Amino acid sequence: MQSQLLEFLICPSCRANESLNLNKPILKGDEIIKGTLICSQCTKEYVIEAGIPRFIISEQDYCKNFGFQWERWKTLQIDRLSGHNISEERFLSDSRWPPNWFKDKLILDAGCGAGRFTDIAAKLGAKIIAVDISSAIDACKDTTDIHMNTSGNTVHCMQASLFDLPLRDGIFDGIYCMGVIQHTPDPVKLMGDLPRFLKTGGRIVYNFYEEGIWRRLQVIKYALRIITRRLPIPSILMLSRILVYLLFPLTRRLASIPKVNILNHIIPIAANHHPQLTIEQQRDWTLLDTFDWYGAKYEKRQKHKNVGAILADVGLTKIYTQPGLAWAEKQKEY
C-alpha cells in the first residue's frame with residue numbers, strides 16, 4: 001500500500017468524512033506492507049497485510065472460488081505476461097474510452113480479479129484503485145506491481161466489498177465493472193450505488209450477463225449449476241477438468257466451421273478458441289472460464305434496458321446500452 005491511497009479512504013462502517021489513521025506501519029521502501037487503519041469516529045480497525053488494506057472479514061467473502069481461480073491462473077489473461085492483446089482489445093472495445101483519455105485519470109476497477117484490465121488502464125497512464133472482495137486481490141497486486149512508480153502510474157490494491165467501499169464519494173474520473181455484476185447478491189443495488197463515487201464529468205461502464213435466449217438454450221450448464229454452486233472448490237475443478245477433457249476437441253472442431261460454430265454456445269463448457277492463443281492457452285482459458293461458470297455462487301442476469309433505467313434513476317446522462325453493456329456519464333451532483 002502506498003501512502004497516497006490514504007487521501008481517498010474513509011471508514012466503510014460509519015462513513016465519517018475523516019481520513020483513517022495509520023497505526024504501527026511496517027515499511028518496505030515506500031510501501032506500507034503491514035499495519036492497521038483506525039477510524040477515529042467509530043474506532044473500527046482494518047488490517048494491512050502483504051501491502052494490501054483489508055476491509056472485509058472472511059465471512060463476507062462469498063467469492064472464494066474467484067480467489068482460487070485468479071491465484072491459480074493469474075497470468076493467463078494478462079496480455080503483457082501471456083503474449084497476446086486480447087484483454088486490451090476487449091477493454092477498449094467494451095469501455096469505449098479512447099486510449100489517449102486515460103492519462104492521469106483516477107479510475108476504479110470494481111471487481112479487479114487478477115488485474116486483467118487494471119494492467120491495461122495502468123499501461124495507458126491511469127492511476128487505478130483496484131478492488132476485489134476475494135483473495136484475487138493478491139494476484140492483482142502480483143501482476144500489476146510493475147506499474148508502481150513507473151512513469152507516475154500507480155495501482156492501489158485493496159480487499160473490500162463493492163457494497164461497502166471504503167472510499168470518498170465523487171473522486172473518480174472513471175469507473176468500470178466488467179464481468180462482476182452478475183456474480184453479486186444484488187446487482188441492481190450495486191449498479192445504483194457505484195455512480196456516487198464518480199466526480200462531475202466522470203464516466204462509468206458496466207459489462208454484465210444479458211438475460212435472453214442463450215441462457216434458455218444452455219440447459220445442461222444450468223442443470224449442473226443447481227449442484228455445482230454448492231460443491232467444494234476441488235470438486236468443481238475436477239468436474240470442469242472432466243468436461244473440458246471430453247468436450248474441448250469437439251468445440252475446437254466446431255469453432256473452425258462457419259455458422260456451425262454457433263453450437264458452441266450450448267455445449268456445457270466455456271470454450272475459447274481465440275486465434276491469438278496457443279492450443280494450450282485455449283485449453284487453459286476454457287478450463288478457467290468453465291470453472292468460473294460452475295463455481296460462482298450467484299449468476300443474476302440483467303436486461304440492458306433495465307440497466308439503463310437504473311443509471312437514469314441515479315441522475316446519470318449520456319446513457320447508452322446494448323446487450324451486456326451500459327455506458328453513462330455524471331454531469332452534475334445528485
Completion exercise
Cβ pairs under 7 Å, 6+ apart or interchain, first in the stretch 238-262 and in contact (Cβ under 8 Å) with a residue 12 or more places away in the chain and under 15 Å from residue 284 (Cβ atoms), second basic (Lys, Arg) and open to solvent by less than 100 Å² (accessible area, probe 1.4 Å), ordered by first then second residue, are 244/283; 248/283
Completion exercise
Among 228, 290, 278, the single one that is free of Cβ contacts under 8 Å to residues at least 12 places away in the same chain and either in contact with a Gly (Cβ under 6 Å, 6 or more places away or on another chain) or at negative phi (or both) is 278
Practice task
For residues that are of a type in the set (A, V, I, L, M) and open to solvent by less than 50 Å² (accessible area, probe 1.4 Å), tally how many sit in the stretch 50-73.
Solution key: 2
Problem - Residue satisfying condition, being under 26 Å from residue 172 (Cβ atoms), open to solvent by 20 Å² or more (accessible area, probe 1.4 Å), touching a Gly at 6+ places or on another chain (Cβ under 8 Å) and not in a helix (DSSP H, G or I), within set 310, 319 - result: 319
Exercise for the section: Would you point out the residue of the stretch 157-184, among those that are of a type in the set (Phe, Trp, Tyr) and touching a Ser or Thr at 6+ places or on another chain (Cβ under 8 Å), that is modelled with the highest pLDDT? Expected result: 176
Exercise for the section: From the list 286, 321, 317, pick out the single residue that is in contact with an Asp or Glu (Cβ under 7 Å, 6 or more places away or on another chain) and among the β-branched types (Val, Ile, Thr). Expected result: 317
Practice task
Please state which of the following conditions residue 76 fails to meet, knowing it meets all the rest: (1) open to solvent by less than 50 Å² (accessible area, probe 1.4 Å); (2) at pLDDT below 95.
Solution key: (2)
Problem - Pairs with Cβ under 6 Å, 6+ apart, first in the stretch 293-320 and free of Cβ contacts under 8 Å to residues at least 24 places away in the same chain, second open to solvent by less than 30 Å² (accessible area, probe 1.4 Å) and assigned to a helix (DSSP H, G or I) - result: 319/308; 319/311
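The values are calculated or read from the model by the stated rules, or taken from the named source; none is laboratory data. What you are looking at is a predicted structure, and each value in this text was computed from that prediction instead of being measured. Positions of Cβ are generated from backbone atoms using ideal geometry, with glycine treated the same way; all protein chains shown enter the neighbour counts. Note: accessible area is taken over every heavy atom of the protein model, side chains too, but ligands, DNA and RNA are not part of it. Shrake-Rupley method; radii C 1.70, N 1.55, O 1.52, S 1.80 Å.
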